Each structure stands twice: as structure tokens, then as C-alpha cells.
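Data block below; observations after.
The values are calculated or read from the model by the stated rules, or taken from the named source; none is laboratory data. Note that the structure is a prediction, hence the values are computed from the model and not measured. In this analysis, Cβ positions are derived from the backbone assuming ideal geometry, glycine residues included, and neighbour counts consider all displayed protein chains.
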Amino acid sequence: MSRHLKNIVMDGLKNTCATFVQLPPDSTPHTKGVRYFRVCTGIQCLWGAMDSEKEGRKRRKRIVVRPSRFRSGLFELYTYHFPKHWSAACVANRELIKEAQRQAHALEHAHTREALEWRLRFWHHYFTVCKGGAKPEPGLKPYTRFYQYTYVAIYRQLQNARQEAAKKAEELLPDLSFEPILPRPVQLPAVRRSAAHHVFLTTEEAHPLPPPIPASPSAIE
């Protein structure tokens with residue numbers, strides 16, 4: 001039996017409800033590692049993770065299935081690897097989502113004036129959009145649950161507040177301009193040039209001999 005999680009899931013689908021097909025090698029668009037299959041009669045749609053959550057946490061990946069976007073009647077099976085590192089923007093967005101979820105859960109169980117105002121907003125959205133067919137607010141969809149509506153609405157508000165804060169921060173920063181500093185040519189001092197020149201002199205030029213001592217008159221005689 002194969003130990004690869006993808007092969008284990010594919011074998012399970014083959015034995016139950018799936019028939020995998022091979023696409024032509026020149027077919028486009030095609031992503032490497034994606035397998036295509038058809039489901040048996042009686043199943044209209046199939047999507048989501050096909051492995052258990054325990055296996056996904058252990059192996060740091062999930063085997064996901066969804067209807068094919070480009071090939072009608074086929075389904076896609078691919079591997080979603082857990083990312084090892086998250087970017088700063090992704091971490092900030094996740095914190096924003098968590099904050100919106102916390103506030104939505106708190107409003108769902110609260111009995112304050114703020115929670116009552118959110119209830120009124122939701123019922124107005126429900127009867128005008130879901131029941132009346134009106135166009136929802138920008139960034140929203142027809143939501144039939146109070147938590148869904150409050151979560152998305154709060155998340156959009158937090159996003160707009162963060163974007164406005166970033167714009168204000170950019171406006172407060174002055175326009176900075178700079179000129180590159182070019183390195184100046186290095187010149188040796190005159191003392192160093194004479195010292196360097198003194199090295200290449202000959203021994204006689206560097207250390208001239210003293211003048212000869214004249215002989216005394218008595219020695220000449």
C-alpha cells in the first residue's frame with residue numbers, strides 16, 4: 001500500500017465514486033500535479049478536503065477536490081501544502097479576520113445597545129436584499145445569518161480603517177530627495193610621495209658618500 005497521502009486518497013475515490021481520466025499532453029490550461037476525474041451517477045458535486053484533519057496536520061498538506069473551472073463535467077484533485085512562512089501582509093490580514101470574528105461572536109451573544117443596532121441593520125439587509133431582491137451594500141452579499149452579515153461588515157470596516165490610516169501616514173511623510181555621494185579620488189600626501197620615490201633610489205643616491213678628507217701638508221711632503 002502506498003504511503004503517499006495523495007495516492008491513498010485517490011485509491012479511496014477510485015473504490016467509491018470516482019473514475020480518473022488522462023488528459024492529452026498538449027491540452028491547455030493544465031497544471032502539473034492536478035488529476036482529473038468523473039464522479040459516478042447520483043453525485044452532482046464534490047468539493048473540499050478528502051483527507052482527515054489529523055492527517056493534514058501530521059503531513060502538513062491536504063488533498064483537495066473541486067469542480068474543474070475549465071473542463072465541464074470533470075473534477076480536479078490537487079495537493080495544498082501548508083506554507084512554511086507567511087508574509088507580513090498576510091499576517092496582518094489574518095489578524096484583521098480574527099478581530100472581525102471576535103467582534104461578530106460577541107455581538108451574536110450580547111444584549112447591548114450596539115448589538116441591538118446591528119440586529120436592526122441585519123434585519124434591514126435580510127428583508128431588502130434576501131427577500132426583496134435589492135442590491136447589497138458594496139463588499140457584501142445576500143446573507144441570511146446574523147453572524148455572517150456582522151462578520152463581513154465588520155471586516156470591511158476594519159479594512160477601510162486600515163487603508164485610511166495608511167493613506168494619512170503617507171500624506172504626513174515629507175517628500176524626501178537625496179543626491180548620491182560620489183567618492184572623491186584618493187591622493188597621497190606630498191610626504192608619502194617623496195617617501196615612495198625615495199624607495200626607488202639607488203643606494204648611492206639615497207646614501208651619498210661623505211666628501212674625501214684633504215691630506216695634510218706634511219703628508220704631501
inquiry  = Among the numbered criteria (1) within 22 Å of the chain's Cα centre (by Cα); (2) farther than 28 Å from Y143 by Cβ; (3) at pLDDT 90 or above, which one does P83 miss?
reply    = (3)
task = Evaluate region 120-137: report whether one residue or more is surrounded by 12 or more Cβ atoms within 10 Å (Cβ to Cβ) and under 14 Å from Q157 (Cα atoms).
result = yes
task = Mind listing whichever residues of region 1-31 are over 13 Å from M50 (Cα atoms), at pLDDT 80 or above and out of contact with any strand residue (DSSP E or B) (no Cβ under 9 Å at 6 or more places or on another chain)?
result = R3, H4, N15
note = The condition from (1) within 16 Å of D11 (Cβ to Cβ); (2) surrounded by 11 or more Cβ atoms within 10 Å (Cβ to Cβ) that K61 misses is numbered (1)
Any pair with Cβ under 6 angstrom, 6 or more apart, that starts in region 55-70 at a residue that is farther than 14 Å from K6 by Cα and ends at one that is part of a loop (DSSP other than H, G, I, E, B) and among the aromatic types (F, W, Y) = R66/W47
request  = With the condition kept exactly as written, say whether any residue in region 103-110 is assigned to a helix (DSSP H, G or I) and within 30 Å of R60 (Cβ to Cβ).
outcome  = yes
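Residue by residue, here is whether (1) at pLDDT 80 or above; (2) assigned to a helix (DSSP H, G or I) holds:
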residue: I154; (1), (2): yes, yes
residue: R162; (1), (2): yes, yes
residue: E179; (1), (2): no, no
residue: P208; (1), (2): no, no
residue: A215; (1), (2): no, no
residue: S218; (1), (2): no, yes
